[in-house]
Amino acid sequence: MPRLLGRRSDLERVLGVRCRDRALYEKALRHRSVLRRRSLHAYRSNERLEYLGDAVLGFIVAEYLYNRFPYEPEGYLTTLRSKLVSGQALSARARELGLGKMVVMSDEFERSGGRETASVLADTFEAVIGALYLDRGVKAARRFIRRVVLETTDLARLAAEDDNFKSLLLELAQANGWGQPQYRVIKTRGPGHVRTFTVVVSIEDMPLGRGEGGSKKHAEKEAARLALQRIGPLPGERKLRGAVGIAGGAPQHSAPK
């Protein structure tokens, strides 16, 4: 159980405020796996607070971007907001803040890697925002989101990034005359409702990237991103030189011809 009682809790240090209604934050940190009766999930787990926190986060980020970029069109703002509040971005924030170690979950789920599951981290982050909003109001929620999400991000650089990694990898393979990227699920873990997938992407049997996510789609996207990072920009007919297989510590392979 996270230390929510006492002079100052770990969560209070993360939020930068005193927790008034501590029961709200205890609920925000309660994963449904700890509840034996499924009928109690919606009321005693963090799911409802996650729903509220998602809406609060989206509103505050949209408000900030609207004022920060007064001459950008709606499409630009929508795309940038989507990147800021994506599951991948929120799970990274939650990991940096140490929220994973504060979540109350079942022993079985913890043994399955629940504290590092991206969807759990992202959901907890949103639930904590929901609790903060109810407990301390929109101003406190806005300060926290600005400090943790907005003011630590290079927004111009993020807006310029193309995150359609699977399409980029396919285009790169086609431009260089390589085979089509192949995605393969090599591992799944966790119960069905919060399963995590591990996917490896290969080109001509050379494993180039391994990604994890709460769905196959997200895991494939992360694998493609890491593959692109490993390959680097390759104009024209350059070959994959020195690319190292990542599945099972595989040795170096020759480049696709």
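The values are calculated or read from the model by the stated rules, or taken from the named source; none is laboratory data. Source: prediction; values computed, not measured. Virtual Cβ from ideal backbone geometry, glycine too; neighbours counted across all protein chains shown. Surface areas here come from the heavy atoms of the whole protein model, side chains and all, with no ligands, DNA or RNA. Shrake-Rupley method; radii C 1.70, N 1.55, O 1.52, S 1.80 Å.
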Discussion item. Looking only at the range 43-53, filter to residues that are farther than 13 Å from Leu134 by Cα and part of a helix (DSSP H, G or I); which one of those is least open to solvent (accessible area, probe 1.4 Å)?
Written reply: Glu47
Fill in: Residue identified as at pLDDT 90 or above, buried (at least 21 other Cβ atoms within 10 Å of the Cβ) and charged (D, E, K, R) among Asp135, Asp123
Asp123
Discussion item. Just checking, does the range 69-82 include any residue being assigned to a helix (DSSP H, G or I), touching a strand residue (DSSP E or B) at 6+ places or on another chain (Cβ under 9 Å) and not aromatic (Phe, Trp, Tyr)?
Written reply: no
Response to the item:
All conditions in (1) crowded, with 18+ Cβ neighbours inside 10 Å; (2) within 16 Å of the chain's Cα centre (by Cα) are true of Val56 except (2)
Item to complete: Go through the range 201-225 and count every residue that is open to solvent by 70 Å² or more (accessible area, probe 1.4 Å) and outside any strand (DSSP E or B).
Response: 5
Discussion item. For the range 58-90, which positions are among the aliphatic types (A, V, I, L, M) and closer than 20 Å to Glu161 by Cβ?
Written reply: Val61, Ala62, Leu65, Leu77, Leu80, Leu84, Val85, Ala89, Leu90
Discussion item. Within the range 184-199, does at least one residue satisfy the condition of being crowded, with 20+ Cβ neighbours inside 10 Å and over 18 Å from the mean Cα position of the chain (by Cα)?
Written reply: no
Discussion item. Restricting to the range 67-117, count the residues that are more than 13 Å from the chain's Cα centre (by Cα), open to solvent by 60 Å² or more (accessible area, probe 1.4 Å) and among the polar types (S, T, N, Q).
Written reply: 2
Fill in: Pairs, first under 13 Å from Pro181 (Cβ atoms) in the range 204-220, second assigned to a strand (DSSP E or B) and open to solvent by 40 Å² or more (accessible area, probe 1.4 Å), C-beta under 6 Å, six or more apart
Glu220/Tyr183
Item to complete: Kindly establish whether Asp163 is out of contact with any strand residue (DSSP E or B) (no Cβ under 7 Å at 6 or more places or on another chain), open to solvent by 40 Å² or more (accessible area, probe 1.4 Å) and modelled with pLDDT under 90.
Response: yes
Discussion item. Between a residue in the range 167-189 that is within 28 Å of Gly113 (Cα to Cα) and of a type in the set (S, T, N, Q) and any residue that is modelled with pLDDT of 90 or more and not in a helix (DSSP H, G or I), which pairs come within a Cβ distance under 6 Å, given they are 6 or more apart or on different chains?
Written reply: Gln182/Ser202
